[in-house]
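Comments concern the structure below.
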Amino acid sequence: MTRIISADERLREQRGAKILLVGKPGVGKTTQLTTLHASSVLFVDSEAGDLSVRDFPADTIRLKTWREARDLAVRIGGPNPNFAPHMCYSQKHFETVGGWLEDLPRYKTIFADSITSISRLSFQHASQQPEAFSERTGQKDLRGAFGLHARELLQWLHQLQHAREKNVVFVAILENVVDEFGRNLGYQVQMEGSKVPREISGIIDELIVMDWIDFGDQKPTRAFVCTSPNKWNFPAKDRSGKLQQVEEPNLGKLIAKLVPNNGG
């Protein structure tokens, strides 16, 4: 039976922020890991590009396959009772991979670098499944592969949303997209396929753009752009209402501002 959660109980719940941190290559997104407390952050590395944080003493999980990514998500978000035993994120899946991740209560923040590379793991998996081939000809069917990939990756993101008390930070590349006719389509999160980049901003709480900003003195400085509309046409978003349009480029301070009692 569905239980009513009282207003007082809901307000007492510990909550975490779900953040998509995007920016151009080399702007310093991965280095934002070092603004968090090393003892309470879990670094999920799928790029093997951790040179900039090699001296930061954070616990790390390295993802090389989509199966590993799904197993990690169920161990962080827990089982979903809506799923049948044979499905990913079900109670059976949760039990098979060992239940809750070891030391999970210690981690306040999950820092996933990057959703761009994780999307490639998802697409590689999808392109090898039966849905990626035509039943009639047996040839590759890219529409089927991209459709399965989008469903898989969106479900993975929703699964991590279930870790309500955790801060989850997804890092991604932001690119300025130009079509084959030379038309500028604006900024977009770099991922495989087009469905997830369109829908991801509706899943996460905060879309933070990190870039070099010129405030009129011809001395660009790194900053977080947190709200839209903005004069740079960045696809920023703040669901909390607590952020200024431009914030100091410090992820630890940003999380503390969003969830004061659950800093990373």
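The values are calculated or read from the model by the stated rules, or taken from the named source; none is laboratory data. Quick caveat: nothing in here was measured; it's all calculated off a predicted structure. Quick reminder, even Gly has a Cβ in these numbers, built from the backbone with ideal geometry, and neighbours come from all protein chains shown.
Per the listing A132, A84, A38, A73, the residue uniquely hydrophobic (A, V, I, L, M, F, W, C), surrounded by 15 or more Cβ atoms within 10 Å (Cβ to Cβ) and modelled with pLDDT of 95 or more is A73. Check G78 against each of (1) surrounded by fewer than 20 Cβ atoms within 10 Å (Cβ to Cβ); (2) touching a residue at least 60 places away in the same chain (Cβ under 8 Å); (3) of a type in the set (G, A, S); (4) at negative phi and name the one condition it does not meet. Failing condition for G78: (4). The one condition from (1) at pLDDT 95 or above; (2) touching a helix residue (DSSP H, G or I) at 6+ places or on another chain (Cβ under 9 Å) that T60 does not meet is (2).
Report yes if V177 is buried (at least 17 other Cβ atoms within 10 Å of the Cβ), of a type in the set (V, I, T) and outside any helix (DSSP H, G or I), otherwise no. When the stated conditions are applied, V177 does not pass them. Across the stretch 87-96, the qualifying residues are those that are surrounded by 15 or more Cβ atoms within 10 Å (Cβ to Cβ) and either among the polar types (S, T, N, Q) or in contact with an Asp or Glu (Cβ under 7 Å, 6 or more places away or on another chain) (or both), and the one among them that is nearest to R151 (Cα to Cα) is S90. Among the residues of the stretch 98-119, how many are in contact with a helix residue (DSSP H, G or I) (Cβ under 9 Å, 6 or more places away or on another chain) and either more than 19 Å from T60 (Cα to Cα) or among the polar types (S, T, N, Q) (or both)? Result for the stretch 98-119: 3.
Restricted to the stretch 236-264, and to residues that are assigned to a loop (DSSP other than H, G, I, E, B) and touching a residue at least 60 places away in the same chain (Cβ under 8 Å), which residue is farthest from E165 (Cα to Cα)? Applying the filter and picking the extreme gives P249.
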